[in-house]
Protein chains: 2
Amino acid sequence: MDWEIVEQRLMNLLNGGKHSELRGALMMLNEVDIARFMETLDKEKLLLTFRILPKDVSADVFAYMSAEQKQTLVESIGDNEIRSLIEDMFLDDTVDFLEELPANVVKRVLQNTSESKRNLINQFLRYPENSAGSLMTIEYMELKRGLTVREAMSAIKKTGLDKETIYTLYIIDQARHLIGTIALRTLILADDEVLIDSLMDTNIISVNTMDDQEKVAETVREYDLMTIPVVDNEHRLVGIITADDVMDVIEDENTEDFEKMAALTPAEDEYLKMTPWQLAKNRLPWLLLLATVAIVTGMIITNYETLLEGTGMGIILTACIPMLMDTGGNCGAQASTLMIRGIALGEIEFKDIGKALWKEVRVGLIIGTVLFIYTFVRVYLINHGSLAVCFVVSISLFCTVLMSKSLGCVLPLTAKRLGFDPALMASPLITTIVDMASLIVYFTIATSVLGV
Amino acid sequence: MDWEIVEQRLMNLLNGGKHSELRGALMMLNEVDIARFMETLDKEKLLLTFRILPKDVSADVFAYMSAEQKQTLVESIGDNEIRSLIEDMFLDDTVDFLEELPANVVKRVLQNTSESKRNLINQFLRYPENSAGSLMTIEYMELKRGLTVREAMSAIKKTGLDKETIYTLYIIDQARHLIGTIALRTLILADDEVLIDSLMDTNIISVNTMDDQEKVAETVREYDLMTIPVVDNEHRLVGIITADDVMDVIEDENTEDFEKMAALTPAEDEYLKMTPWQLAKNRLPWLLLLATVAIVTGMIITNYETLLEGTGMGIILTACIPMLMDTGGNCGAQASTLMIRGIALGEIEFKDIGKALWKEVRVGLIIGTVLFIYTFVRVYLINHGSLAVCFVVSISLFCTVLMSKSLGCVLPLTAKRLGFDPALMASPLITTIVDMASLIVYFTIATSVLGV
C-alpha cells in the first residue's frame, strides 16, 4: 500500500479519537514506519500516539524518531515514563539519544535512570566520538569457557531475550578475556554434552574500544562480518558492533568525503534540516581561502598580458586560458578522486605511490597526446593561429595534463602519509594550484617560443 | 601478529615443503586471510596450497580470491575438482565467479556441474546486472506454515548446515508465497508445541528480483536489517540478500558517484589493476567535451576584451576573471554535492525542489554579501581600482554566487526527475556552465556601468 494512503488512514483514526483501532493499525507496521508516521505529529498527538503503543514497542519506535521529536516527547512525559523508556531501550540507542539532547534534558533523563544503567551510560559517553567504544552495544551474549552445549543453550534461553543479537556467542575466560566465538547455528547443531571450548573458533577478528569507526567499517567489510566484538587494551570483551550500525558508519564516512572534496566543512545534520546560516558557515571559509589564492592567478595573467599586448597574438592566447585552466582542473580532479577513493577503500597505500605515479604519467602521456592534436588542429582552424601559436597552446596543454595528473596522484597520498585527510586534496584545491602552475608554464613557453 | 610476519612464516613452510605444518598454520587463519596469502603465489604454489586445504575450507577461500587467481586455479585443476568445488560453494559466490570468467572457461565449469545446480546458475545469470536477483543467494531456510516449533527446529537441524544464514526463517504457504518471518531467537525461546504461524511476523519488508541494488541497499539501511527476502512478481520467495553483500553494494554505488562527479566513466576494476589505456579511455571523452565547451568561454573573454582594451580598466577586470570563475565553480560544486548526496541517501526528493532552492537562495545571499564586501575592499586596496570598477567586480561576484548556488541546486534534482543520474550534474559540468554565465554577467555589468 502507498505510504500516503497509510498515513492518511492513521491520521483519520487519530483525529477521530479511535485509539484502540489506531493501536491495532500501528501494530501492523514496522517500528521504522511508526516513527516515520509520528514524525509529522504535533506535541499533543505525538504524546497520545506514543502512549497508545505497547511498552515494548514504544522503546524501539523511540530509537527511530528524529532528535527533535525525541526531545519534544521527553519534555512532555513524566519521570516514571522516562525511567521505563530508558530501561527498555538498548544501551547504544540510549547513548545516541543522550548525545543529541541539550544538557538540562540529559540531566533529567539520567536522574530517572537506575544507578547501574547510569554508570554504564556515563562510561559510554566518555568514549571519543566516532570511536568503536561510542558505537558498540553491551547487549551481547557471553558464555564462560568450560560449559557444555546443553548449559550454553539453557543460558541463552534464560538471558538471550534482552540481547541485541545472540547469533554469535562470545566465550570468555575467568578474567573476561575474549578467547573465542561460536555461531549459534553451530551450537544448535551440536550434541548436548560436548564442551563449547572444543567448538569455538579461536581465530577472533576484533577491534579496540579506541579504534576509529572507519577502521571498524573496513574490518567488518573485509571479513564479511555481521557483528564484531570490541575489546579493551587487555583484550577483555566490552561490547559488540552490529552490521546495521556499520552501514550507517560507511554512509557517514562517505558523506564526509563527498563534502570535503567539494570544499565543504562536514555538516552535522541532514541538508533540509539545516538553516541557511549553518550552511553558509560550512562553505564560506573555503570560498574565501580559494578566492584569495585565485587572486595570484589573476596577477599572473595581467603580468604577462601586458608583455603580449603589442604582439597581436594576445587575443588568441587569452581565448585559450579558460580551456587550459578547466582541462587542468578536470585532469587533476580525475586523478585525485581515484586516489582518494582508493585510499578510503584500502586499495591504495602510500607505498604504492611509485606505481600510481608511473601509471598517471603514462595516462597523462596518452591523454596529453590526444589533447595536443585536438587543440593544435582546433586553434589552427577556428582561431586561425599561426603554427607557432598553435604549438604554444598545444604543448602548454600537454604539460598541464601531465602536471595535473601527477599532482592529483601525489598530493592525496602524501596528505595521507602526513596524517591529513586525503579528501582535502580534491578538485577545489588542486584546480587552484593547477590554474597557477599551468598559466606560468603557458606564458613561459609563449614568451620563449614567440620571442617576446 | 603483523601480517608480514605471518606471510613470511607461511612462505617458509610452503617453500620448505612442510605441507602438514602449512595446513596447520593456514587453519589458524580466517578464509579472507588465507585468500590474501594465496594472492601472491605463482600458479604452481597456488595449486599446491589450494589442494592442501580441507575441502570445506577451500570453497570458502576460493570465493574470496581475486578474479585472476580464480581463473588460474580453475584452468589448472581437473574436472572432478571443479565439480566438487562448485558443489561446495554458495550459489551467489558461484554466480559472481562465473560472471568474471571468459566464456570458454565458463563453459568448462558449467559442463562439470550437476544439472540441477546448472539450471539454477543459468537462471541467476539471466537476472540483469545490479538487480536484486543477481545479488541474492538461495541458501536460506524456509519453513512451511502449520509446523510446530519442535518440527521447525528439527527441520533446521536437518538442513540448516548448508544455509548461508538461518537466523531469520521464512514462512511460506503451499504456493511458496512468503507469508511471514521468524527470528531463530524467537523459535529457540518458544515452547515446543506452539504453531510457528502464531509466532511469525507478517509485516514483511522485501524486495523484488528486478529491483535495482540501490533500492535494496536503501531498504536494508532504512530498516536496519541483517537479511532481506527477495520475491518474484507473484510474491513467491526466491532468495535472500545478506548485510555483508549490501555493504559492498553501498561502497560500489558510492564509488560510482565519486567517479561520475569527477567526470570519469565508472571503472570496472581496482585502480592499481587497470592499464593506462583503460584509465585514459574512462577520462578522455569527458575532457574533450568539457574542453570544447570551454572554447566558448574563451570566445566570450576575447569578444569583450577588445571592447575594454581602450578604457585602461581592462587589466584590472582581466585580473579578476580567475577569481570569479573559480568561486562560481566552487559555489556550484558545494550546492550540487549536497543535493547529489541528499538524493543518494533518500533525504532529498524532487518534491523538495522549492524548499531547497529557497534555502540555496538565502545561503547565496549570505555568502554573496560577505564576498561582495571582501572583494570590494580587496580590489580597492590591492588593485587600486576606481569605486566603479570595485563595484563591477563585487556585484558580478554576488550575482555569480547566487546563480551558481541555484544551478547547483536545481540541476541535480531536475536530472533525477528526468531519469538521469544526478551525479553527472556535479562540479565539472556546473563549473563549465557557471564559467560562461558568470563572464556574460561580468562583462554586461562592466560595459553598462563603465559606459563603454
Of the conditions (1) in contact with an Asp or Glu (Cβ under 8 Å, 6 or more places away or on another chain); (2) at positive phi, A:GLU164 clears all except one; give me its number. (2)
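From A:ARG341, A:ARG378, A:ARG362, grab the single residue that is modelled with pLDDT of 85 or more, more than 23 Å from B:MET274 (Cβ to Cβ), basic (Lys, Arg) and part of a helix (DSSP H, G or I).
Working: A:ARG341 fails: more than 23 Å from B:MET274 (Cβ to Cβ); A:ARG362 fails: more than 23 Å from B:MET274 (Cβ to Cβ).
Answer to the selection: A:ARG378.
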Candidates B:LEU288, B:LEU272, B:LEU279 - the one that is facing chain A (nearest Cβ under 8 Å) and either among the charged types (D, E, K, R) or farther than 27 Å from B:ASN330 by Cβ (or both): B:LEU272
Among the residues of segment A:266-274, is any basic (Lys, Arg) and more than 30 Å from B:THR165 (Cα to Cα)? yes
Test for B:THR137: is it of a type in the set (Ser, Thr, Tyr) and surrounded by fewer than 17 Cβ atoms within 10 Å (Cβ to Cβ): no
Just one listed residue, out of A:VAL392, A:VAL377, is more than 40 Å from the chain's Cα centre (by Cα) and crowded, with 21+ Cβ neighbours inside 10 Å, and it is A:VAL392
Give all pairs with beta carbons closer than 7 Å in which a residue from segment A:176-190 that is free of Cβ contacts under 8 Å to residues at least 40 places away in the same chain meets a residue that is surrounded by 20 or more Cβ atoms within 10 Å (Cβ to Cβ) and among the polar types (S, T, N, Q); count only pairs at least 6 apart in sequence or on separate chains. A:ALA183/A:THR168
Mind checking which residues of segment A:101-119 are under 25 Å from A:MET210 (Cβ atoms) and touching a Ser or Thr at 6+ places or on another chain (Cβ under 9 Å)? A:LYS117
Which residue, of A:THR414, A:THR400, is surrounded by fewer than 17 Cβ atoms within 10 Å (Cβ to Cβ) and more than 9 Å from chain B (Cβ to nearest Cβ)? A:THR414
Within segment B:16-30, track down each residue that is of a type in the set (S, T, N, Q) and under 40 Å from the mean Cα position of the chain (by Cα). B:ASN30
Of the numbered conditions (1) in contact with a Pro (Cβ under 9 Å, 6 or more places away or on another chain); (2) of a type in the set (A, V, I, L, M, F, W, C); (3) facing chain B (nearest Cβ under 7 Å); (4) surrounded by 21 or more Cβ atoms within 10 Å (Cβ to Cβ), A:LEU264 satisfies every one except a single condition; which is it? (1)
Counted residues in segment A:267-304 being among the small types (Gly, Ala, Ser), more than 25 Å from the chain's Cα centre (by Cα) and more than 19 Å from A:LEU424 (Cβ to Cβ) come to 1
Determine if segment B:20-33 includes at least one residue that is touching a Ser or Thr at 6+ places or on another chain (Cβ under 6 Å), part of a helix (DSSP H, G or I) and within 17 Å of B:LEU73 (Cα to Cα). no
Flag if B:LYS351 is basic (Lys, Arg), within 8 Å of chain A (Cβ to nearest Cβ) and surrounded by fewer than 19 Cβ atoms within 10 Å (Cβ to Cβ): no
Exactly one condition in (1) surrounded by 22 or more Cβ atoms within 10 Å (Cβ to Cβ); (2) at pLDDT 90 or above is not met by B:LEU279; state its number. (2)
Just checking, does segment B:49-60 include any residue being crowded, with 19+ Cβ neighbours inside 10 Å, touching a residue at least 24 places away in the same chain (Cβ under 8 Å) and under 21 Å from B:THR242 (Cβ atoms)? yes
Exception for B:GLU259 within (1) within 24 Å of A:VAL32 (Cα to Cα); (2) surrounded by fewer than 21 Cβ atoms within 10 Å (Cβ to Cβ); (3) in contact with a Leu (Cβ under 9 Å, 6 or more places away or on another chain) falls at (1)
Within the group B:ARG108, B:ARG118, B:ARG150, which residue is under 17 Å from B:VAL238 (Cα atoms), among the basic types (Lys, Arg) and assigned to a helix (DSSP H, G or I)? B:ARG118
Can B:GLU44 be described as assigned to a helix (DSSP H, G or I), among the acidic types (Asp, Glu) and out of contact with any helix residue (DSSP H, G or I) (no Cβ under 8 Å at 6 or more places or on another chain)? yes
If you check every pair at least six apart or on different chains, which have Cβ atoms under 9 Å apart with a residue in segment B:22-48 that is over 19 Å from B:GLN71 (Cβ atoms) first and a residue that is of a type in the set (S, T, N, Q) second? B:LEU22/B:THR49; B:LEU26/B:THR49; B:MET27/A:ASN203; B:MET28/A:THR202; B:MET28/A:ASN203; B:LEU29/A:ASN203; B:ASN30/A:ASN203; B:ASP33/A:ASN203
Going through segment A:214-228 one residue at a time, which ones are farther than 25 Å from B:PHE62 by Cβ and either away from every other protein chain (no Cβ under 14 Å) or surrounded by fewer than 20 Cβ atoms within 10 Å (Cβ to Cβ) (or both)? A:GLU214, A:LYS215
I need a count of the residues in segment B:202-235 that are within 19 Å of B:THR165 (Cα to Cα) and charged (D, E, K, R). 2
Does A:LEU178 satisfy the criteria of being among the aliphatic types (A, V, I, L, M) and outside any helix (DSSP H, G or I)? yes
Got a sec? Which of A:LEU365, A:LEU357, A:LEU371 is within 9 Å of another protein chain (Cβ to nearest Cβ), over 24 Å from A:VAL249 (Cα atoms) and surrounded by fewer than 21 Cβ atoms within 10 Å (Cβ to Cβ)? A:LEU365
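When segment B:325-348 is examined, which residues are found to be among the small types (Gly, Ala, Ser) and either more than 7 Å from chain A (Cβ to nearest Cβ) or farther than 21 Å from B:LEU411 by Cα (or both)?
B:GLY328, B:GLY329, B:GLY332, B:ALA335, B:SER336, B:ALA344, B:GLY346
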Considering (1) away from chain A (no Cβ under 11 Å); (2) among the small types (Gly, Ala, Ser); (3) crowded, with 17+ Cβ neighbours inside 10 Å, say which one B:ALA190 fails and leave the rest. (1)
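The values are calculated or read from the model by the stated rules, or taken from the named source; none is laboratory data. Here the structure is a predicted model, which means the values were calculated and not measured. We place every Cβ from the backbone using ideal geometry, glycine too, and count neighbours over all the protein chains shown.
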